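Please treat every number below as a calculation from the coordinates, not as lab data. Everything numeric here is computed off the predicted structure, so don't read it as measured data. Glycine gets a Cβ as well: all are built from the backbone with ideal geometry, and neighbour counts include every protein chain shown.
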Amino acid sequence: MVSLITLLRNNKFINQDDIKSINYRIFHMKNKMQILKNIVCKETNINPDVVNARIRNREIVQVRQLICYFAKLNNLQTLQQIGEFIGGYDHATVLHGYKTMANLNENNSEIKRLINNIGLKLELKL
């Protein structure tokens with residue numbers, strides 16, 4: 001799959017197939033992010049609409065961090081795009097969320113079980 005940046009860097013002519021390919025990839029990745037969000041919210045019993053709100057409640061923050069963890073783990077989008085998806089956060093917040101969940105996965109049995117459950121469901125859906 002050819003990216004728009006690669007085509008522009010190489011001064012290549014962009015044809016209709018390249019545009020379709022890029023549009024498909026963008027749509028496909030956004031769809032995967034939405035599937036991820038829905039699975040995480042269902043597993044944690046959190047309303048998906050609340051995830052994007054600027055709420056700093058522990059449960060909501062952990063849902064955002066789980067989304068960051070799985071999105072980065074599966075290379076679904078860039079850190080900046082993941083941050084925008086979860087409510088307009090920057091790349092550093094996404095990276096912090098990923099590292100926090102990775103650490104909790106090693107040290108907290110409840111979070112480890114949750115991550116394993118979500119991971120199994122994601123394997124079936126993504």
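List of remarks:
- Separation of the Lys125 and Thr78 label points, Cα + 7 Å toward Cβ, nm: 2.6
- Largest-first principal axis extents, alpha carbons of the stretch 46-126, Å: 29, 26, 23
- Nearest-0.05 FRET efficiency for Lys30 and Asp90, computed from C-beta distance (R0 25 Å): 0.85
- Potential lengthening of the chain between Thr44 and Glu106 amounts to 20.4 nm, from the contour at 0.36 nm per residue minus the alpha-carbon distance.
- The stretch 30-116, dipole about Cα centre (Lys/Arg Cβ +1, Asp/Glu Cβ -1), debye to the nearest 20: 60
- Straight-distance candidates among the aspartates and glutamates for linking to Lys32, with alpha-carbon spacing under 19 Å and chain neighbours fewer than 8 residues away dropped: Glu43, Asp49, Glu84, Glu123.
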